[in-house]
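Inspection log for the structure reproduced underneath, given as structure tokens.
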């Protein structure tokens with residue numbers, strides 16, 4: 001798992017919450033999660049708290065209203 005690395009990077013650069021979240025969703029769906037459930041929940045909560053200040057090209061892929069549900073169903077569109 002990459003919990004510690006994720007938390008260190010996203011604390012220093014909050015905009016990177018978005019790609020970490022997307023990577024965690026995709027790898028979880030593929031059966032090879034890169035983050036523990038608790039860290040996934042933590043970065044989801046941080047994204048909710050910081051949503052208006054986050055900037056990333058893939059931000060539009062995430063459904064903010066469902067971030068608190070704790071699953072990857074909140075990706076708006078399939079990533080290619």
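Some points to look at:
- So residue 11, is it assigned to a helix (DSSP H, G or I) and surrounded by fewer than 15 Cβ atoms within 10 Å (Cβ to Cβ): yes
- Total residues in segment 27-61 satisfying the condition of being part of a helix (DSSP H, G or I) and out of contact with any strand residue (DSSP E or B) (no Cβ under 8 Å at 6 or more places or on another chain): the figure is 21.
Coordinate-derived values only; no laboratory data. Every value quoted in this text rests on a predicted model; they were computed, and no experiment measured them. Neighbour counts are summed over all protein chains in view; Cβ atoms, including those assigned to glycine, are modelled from backbone coordinates with ideal geometry.
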